[in-house]
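Structure record follows, encoded as structure tokens.
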Amino acid sequence: MINPRLLREEREILIESIRKRGISIDLDRVFELDEKRRALIQEVERKKSERNKLSDEIARRKRMGLDSSKEIEYVRSLGKEIDEAERLLRDVEAEWEHLLLHIPNIPHESVPYGKDEKDNKIVKVWGEKPSFSFTPLPHWELGEKLDILDFRRAAKLAGSRFTLYKSYGALLERALINFMLDLHTLEHGYVEVLPPFIVNRQTMTGTGQLPKFEDDLFKLEGLDYFLIPTAEVPVTNIFSDEILKEEDLPLKFCSYTPCFRKEAGAHGKDTRGLTRQHQFNKVELVKFARPEESYEELESLLLDAEEVLKRLNIHYRVSLLCTGDLGFSAAKTYDIEVWLPGQNIYREISSCSNFEDFQARRAKIRYKKKNGKVELVHTLNGSGLAVGRTVMAVMENYQTEDGSIIVPEVLRPYMHGISRIPKER
């Protein structure tokens, strides 16, 4: 959530942020409600102060044996006015808070202005595109030919945009999960956590999924619980409504979870194979940092996520998202885009973001400085990586002319020493 101070002291920053993001929000209504809310707070406080003074005066008059009936009647009328003003204040604050929850984060000054993904800025390229003496196949064709991905039977079990991993396909998915977790915990210093895959409304609100994106979430019927769209949600909220110690920051967590998304706006778009699934696995990286260090932590988070692809020796590029493509809660985001030769495209495999204090304000995650002052932490996260998309990257980049897939060396210890799919006899 944005700092409400912006509504009063720096309106132009907020107005410019909305313009740069290319969205439409009724800020005039937010400003109006904020002024009305503050006026009502002052009115309530003034009337309560007047009532308290009169109550003291009534007590004094009673001690002196003086008649206080007029004063008592006036105090009663003040009480009714206070009750009415507080009721109105609750209504105004409820609408004000609801609208605040729909205002996106302020982009960092280093974020380039742009309308959509076409205006994102490529800031890094690693490795080279592989060359083939044959026409490389997309992963869904490879998976079906090798009988390691079964989309038809998955559709029978659950519907479209689900996958049944079989044999070496399931083993490859599991190997990647374990490889990523070991890399991030043993070498990058993250603490592994395995959170609930179902969370409540408050938790979803804390990271910015609610109320704006409820249509994209899977909700449990009859219960106010949701399947998580990413481990970011439960892991970031581990410290909701808590005060951390400054000397403990930064805190770094990694987590494997399945993720569940309706992808409500993605009908007919990138829906073949493993690209855009309703259920997929992901290894997530989450950080809690001091504000003055959060952008350094973002750069190191990006490097940690990149290292997965470097170890797999798969070509990728890094894009800095423009204002029009920036996520709702993010102040700055890098996308890692992996090369997929079977589709002749780059595909996002990780988003690494700094949310500054946007999520922390919603979830009330604070830290106590050495001088005793309590402030909001900055939260960061990134995929390290999306596992299904890494599977398709391995399949498409390591395919051979005979239809088999070479297993990257770094994964072989996690795949019982197998060097090729299918296993050589």
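Below, the figures for the structure above:
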{"read-out": "Residues satisfying the stated conditions in region 341-359, i.e. buried (at least 24 other Cβ atoms within 10 Å of the Cβ) and either of a type outside the set (S, T, N, Q) or not in a strand (DSSP E or B) (or both)", "value": "ILE349, CYS352, PHE355, GLU356, PHE358, GLN359"}
{"read-out": "Any hit, region 286-309, residues being closer than 23 Å to ALA170 by Cα and part of a loop (DSSP other than H, G, I, E, B)", "value": "no"}
{"read-out": "PRO136 vs. criteria farther than 30 Å from ILE314 by Cα and touching a strand residue (DSSP E or B) at 6+ places or on another chain (Cβ under 9 Å)", "value": "no"}
{"read-out": "Residue list for region 207-223, filter: in contact with a helix residue (DSSP H, G or I) (Cβ under 6 Å, 6 or more places away or on another chain) and either closer than 15 Å to GLN279 by Cα or open to solvent by 70 Å² or more (accessible area, probe 1.4 Å) (or both)", "value": "none"}
{"read-out": "From the options LEU66, LEU89, residue that is aliphatic (A, V, I, L, M) and within 30 Å of PHE358 (Cα to Cα)", "value": "LEU89"}
{"read-out": "Region 184-200, subset outside any loop (DSSP other than H, G, I, E, B) and open to solvent by 20 Å² or more (accessible area, probe 1.4 Å), residue nearest to ASP224 (Cα to Cα)", "value": "ASN200"}
{"read-out": "Residue match in region 291-298 (condition: polar (S, T, N, Q), touching a residue at least 60 places away in the same chain (Cβ under 8 Å) and crowded, with 21+ Cβ neighbours inside 10 Å)", "value": "yes"}
{"read-out": "Tally, over region 363-378, of residues that are in contact with a Leu (Cβ under 8 Å, 6 or more places away or on another chain) and outside any strand (DSSP E or B)", "value": "1"}
{"read-out": "Residue within region 325-338 that is at pLDDT 95 or above, touching a His at 6+ places or on another chain (Cβ under 9 Å) and open to solvent by 40 Å² or more (accessible area, probe 1.4 Å) present", "value": "no"}
{"read-out": "Selection status of ASP28, open to solvent by 70 Å² or more (accessible area, probe 1.4 Å) and more than 34 Å from the chain's Cα centre (by Cα)", "value": "no"}
{"read-out": "Members of region 31-69 that are over 35 Å from the mean Cα position of the chain (by Cα), open to solvent by less than 50 Å² (accessible area, probe 1.4 Å) and charged (D, E, K, R)", "value": "LYS47"}
{"read-out": "Total residues in region 238-259, condition buried (at least 19 other Cβ atoms within 10 Å of the Cβ), hydrophobic (A, V, I, L, M, F, W, C) and within 15 Å of PHE197 (Cβ to Cβ)", "value": "1"}
{"read-out": "Residues of region 211-225 satisfying the condition of being within 15 Å of the chain's Cα centre (by Cα) and in contact (Cβ under 8 Å) with a residue 24 or more places away in the chain", "value": "PRO211, LYS212, PHE213, ASP216, LEU217"}
{"read-out": "Pick from region 383-425, criterion of a type in the set (Gly, Ala, Ser) and at positive phi, ranking: most open to solvent (accessible area, probe 1.4 Å)", "value": "GLY417"}
{"read-out": "Count of residues meeting criterion [open to solvent by less than 50 Å² (accessible area, probe 1.4 Å), part of a loop (DSSP other than H, G, I, E, B) and not β-branched (Val, Ile, Thr)] in region 1-25", "value": "3"}
{"read-out": "Residue that is assigned to a strand (DSSP E or B), in contact (Cβ under 8 Å) with a residue 12 or more places away in the chain and on the phi < 0 side of the Ramachandran plot, where the choices are SER329, SER319", "value": "SER319"}
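The values are calculated or read from the model by the stated rules, or taken from the named source; none is laboratory data. Predicted model only: the values in this text are computed from it and were never measured. Note that each Cβ is placed from the backbone with ideal geometry, even for glycine, and that neighbours are counted across all protein chains shown. Side chains are part of the model used for accessible areas, which takes the heavy atoms of the whole protein and leaves out ligands, DNA and RNA. Shrake-Rupley method; radii C 1.70, N 1.55, O 1.52, S 1.80 Å.
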